[in-house]
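Quick notes on the structure that follows.
The values are calculated or read from the model by the stated rules, or taken from the named source; none is laboratory data. The structure presented is a predicted model; accordingly, all values stated were derived computationally and were not measured. Positions of Cβ are generated from backbone atoms using ideal geometry, with glycine treated the same way; all protein chains shown enter the neighbour counts. When the accessible area is computed, the model is the full protein with side chains, heavy atoms only, and any ligands, DNA or RNA have been set aside. Shrake-Rupley method; radii C 1.70, N 1.55, O 1.52, S 1.80 Å.
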Amino acid sequence: MTDPAPDSRTYRSIYFDTPDFRLKSAGLLVQLVRDGRRWLQSAGPYDRAATCAEGIGAVRVPVSGEALELDHLGADDVRHRIDAAREHADLAPIAETVTRRCGYRLDAGTEREVLVSIDAGEVSASTLRAPFREATFELIGKDTSALFDVATALMPDEGVSLSPLSQAERSYNLASGEDAPPPEPRTARAVPLDPDQTAESAARDILIECARQIQANIALVGVSDEPEAPHQVRIGLRRLRTALSLFAPTIGCDALDHLTGEARWLGKEVGTLRDLDVALSEIVEPEAGAHPDEPGFALLQEALAARRTEYRATLRTHLRARRVQALLVDLSRFVETRPWLDPRDYDQTLRLATPLAALSRKRLGKRWRKVRAYGQRIDDLGIAERHEMRKELKKLRYTVEFLKPVYPAKQVKSFVKPLKQLQEVFGALNDLAMTEALFTGPYAPCPNDPQAQRAIGRILGARDLRSDEEWHHARGLWTVLQQTGPFWD
C-alpha cells in the first residue's frame with residue numbers, strides 16, 4: 001500500500017572543512033542542513049558505516065541560520081576532535097548539495113513499513129556542477145527484511161546500480177575537482193578483529209568489507225577503462241566466496257549457498273574482461289616489443305583490443321542488470337537479517353558464540369591440510385592437479401589475510417612470504433592455460449591469418465618456457481613453506 005500523498009520537500013546541505021580537508025582526513029564530517037525553514041548543524045564520522053577514532057557518534061542540533069555554531073554542539077568530545085583535527089585553521093564551505101525529495105511510505109505488512117525516497121538534485125563545488133538521481137530506502141517498521149523485499153520488488157530489470165557513494169563522498173569528490181568516483185580501484189582492506197569476539201560478529205565484519213570492495217569496483221568498471229577495476233571485482237568475489245566458506249560452520253544456510261553460486265557466476269563474467277586485459281598488456285605487448293619486425297603482433301593487438309572494447313560494453317550492461325544488483329542487495333540482506341538463525345537448532349547459539357580464535361585454528365588447519373595433500377606429491381602433480389593446488393593456495397592466502405589480526409604479525413609475515421612466492425609459480429601456470437584457451441579456442445583471434453598465427457606460436461612457446469622455468473622452483477618453495485609451518489598451532 002502506497003501513501004497517496006507523498007511527502008515532497010527540498011533539502012540543502014553545506015559541507016565544511018579546511019582547504020586541505022583536515023576534517024575528512026581525521027574521519028570527521030561537519031555540515032549544515034536546511035530542512036524547510038530550519039537549519040540543522042550536524043557533526044560526526046565521515047563514514048558512518050565505519051568506526052571512527054574512539055567510536056565518535058553523530059550529533060545534530062538546530063542553529064539560528066546559515067553559519068556554524070560549533071560551541072553549541074552539545075557534545076564536547078565531538079567539538080574537541082573537530083578542533084584538534086583542524087589545528088586552528090578556519091572551516092569554510094567546500095561543497096553543497098540541493099536535493100528535491102519525494103517520499104513514499106509503503107506498507108508491506110505488520111512492522112514492515114518502508115519509506116522510499118526519490119531524490120533528484122545537484123552537487124556543486126566552486127564552478128563545478130554534477131547532477132544526481134537516486135532512490136533511497138529507509139526502514140520505519142521493525143522487520144528489517146521488509147527493506148530488502150521492497151528494494152528487490154522495485155528493482156528494474158536493467159539500467160540501475162547500487163551506488164557506493166554517499167552525498168558527502170560525492171561532494172568531496174567534486175570539491176577535489178572530480179564529478180565521478182576517483183579513478184582508483186578499491187583494494188581489499190584489513191578488518192580489525194579480536195580473538196575473543198564471536199565468530200558470528202567476525203563473519204559480519206568481514207562480509208561487509210567484501211561487499212564494499214565488490215560494490216566500489218563494480219561502480220568503477222561502469223565509468224572507467226582502468227584494467228585494475230575488473231581485477232579487483234574478481235578478487236573481491238573470490239574473497240567473498242572464501243569468507244562464506246570460512247564461516248559456513250557458523251552461518252551456513254540456503255542463502256549462503258545462493259550467494260556463493262552467484263559470486264562464482266559473476267566472477268566468470270568479470271574474469272573474461274580481466275583475461276583480455278592481461279592478454280594485451282602482460283602477454284602480447286611484451287612479446288611484440290621483443291619482436292618488433294613481426295607484423296602478426298599488431299594484428300593480434302588490434303583484434304584483442306576490439307574484442308575487449310566490445311566485451312567491456314557488454315559487461316557494463318550486465319553489471320547494471322537486475323541479477324548483479326540483486327546479488328549486492330542479497331549480500332546486504334544476508335548480513336543484516338541473519339537468515340542462518342534456526343530456532344529448531346538448539347546447538348546454534350553455542351556455535352554463534354564460538355570465539356574467533358577457536359574457529360580460526362580449525363578453519364586454517366582445514367585449508368592447510370588441503371594444500372599439504374597436493375604439496376606432498378608436488379613432483380607427481382599433473383596439469384589438472386596443479387590448477388587445483390593453485391586454487392587451494394589462493395583460498396589459504398585469503399583465509400590467512402582475513403584472520404591475521406588474531407595472531408602475532410611477525411609469525412603471519414614469515415608464513416605469508418613463501419606462500420606468496422609459491423603462488424607466483426602457480427600464477428605462471430595459470431597464465432599459460434589462459435593464453436592457450438584464448439589463442440587456440442573456438443573464438444581465437446585471426447584464425448586464418450598466417451602472420452598472426454606465427455605470432456601466436458611465439459607467444460605460446462614463450463609462455464610454455466616461462467611456465468617450465470617457474471615450475472622448477474616449486475619444490476624448493478613448497479619445502480620452505482612446509483618448514484615454516486602453520487603459525488596458528
Exercise. Using only the Cα atoms of the range 71-161, build the gyration tensor, take square roots of its eigenvalues as a ≥ b ≥ c, and label the shape rounded, prolate or oblate: rounded if a/c is under 1.5, else prolate if a/b is larger than b/c, else oblate.
Key: oblate
Quiz item: What is the set of long-range amide H partners of Leu28 at a cut-off below 5 Å, with H atoms built 1.01 Å from backbone N?
Solution: Tyr46
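In the neighborhood of Ala409, defined by Cβ-to-Cβ distances under 13 Å, what is the net charge if each Lys or Arg adds +1 and each Asp or Glu adds -1? Please report the intermediate quantities before stating the final value.
Numbers: positive: Lys404, Lys410, Lys413, Lys417; negative: Glu401.
So the surrounding residues net to +3.
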Practice problem: Can you spot the lysines whose alpha carbon is less than 28 Å from Lys420's alpha carbon? Ignore those fewer than 8 places along the same chain. | Solution: Lys268, Lys362, Lys366, Lys370, Lys391, Lys394, Lys395, Lys404, Lys410
Quiz item: Of the heavy-atom accessible surface of the chain (probe 1.4 angstrom), what whole percent is carbon and sulfur?
Solution: 49
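At a temperature of 37 °C and a viscosity of 0.692 mPa s, determine how fast the chain diffuses translationally according to Stokes-Einstein, using the Kirkwood radius over alpha-carbon pairs as Rh; express D in µm²/s, rounded to the nearest whole number.
Numbers: Rh = 25.9 Å.
Value of D from the Cα-based Kirkwood radius: 127 µm²/s.
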Quiz prompt | Nearest-20 debye value, the chain charge dipole, Cβ charges on Lys, Arg, Asp, Glu | solution = 1180
Self-check item: In degrees, nearest ten, helix 228-246 long axis to first principal axis of the chain (Cα)
Solution: 90
Exercise. Once you have a ≥ b ≥ c as the square roots of the Cα gyration tensor eigenvalues for the range 283-405, tell me rounded if a/c is under 1.5, and otherwise prolate or oblate according to whether a/b is larger than b/c.
Key: oblate
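Relative contact order for the chain using alpha-carbon pairs under 8 Å, separation at least 6, rounded to a whole percent? Don't jump to the answer; show the numbers that get you there.
Details: 692 pairs, mean separation 58.7, N = 489.
Taking the mean separation of contacting Cα pairs over the length of the chain, I get 12 percent.
List the relative contact order of the range 389-489 as a percent without decimals, with contacts defined as Cα pairs under 8 Å and 6+ residues apart.
Values: 54 pairs, mean separation 41.7, N = 101.
RCO, the range 389-489: 41 percent.
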Self-check item: Cα gyration tensor, the range 188-254 - rounded (a/c under 1.5), prolate or oblate
Solution: prolate
Quiz item: Karplus couplings for the range 463-471 from phi (6.51 cos²θ - 1.76 cosθ + 1.60, θ = phi - 60°), rounded to Hz, Gly and Pro as x?
Solution: 5, 5, 5, 5, 4, 5, 5, 5, 5
Quiz item: In degrees, nearest 10, range 0 to 90: what is the angle between the Cα axis of helix 322-337 and the longest Cα principal axis of the chain?
Solution: 70
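Which value, in Å², gives the accessible area per residue of the chain when a 1.4 Å probe is used on the protein heavy atoms? It would help to have the intermediate numbers written out before the result.
Details: 24660 Å² over 489 residues.
In whole numbers, the chain has 50 Å² accessible per residue.
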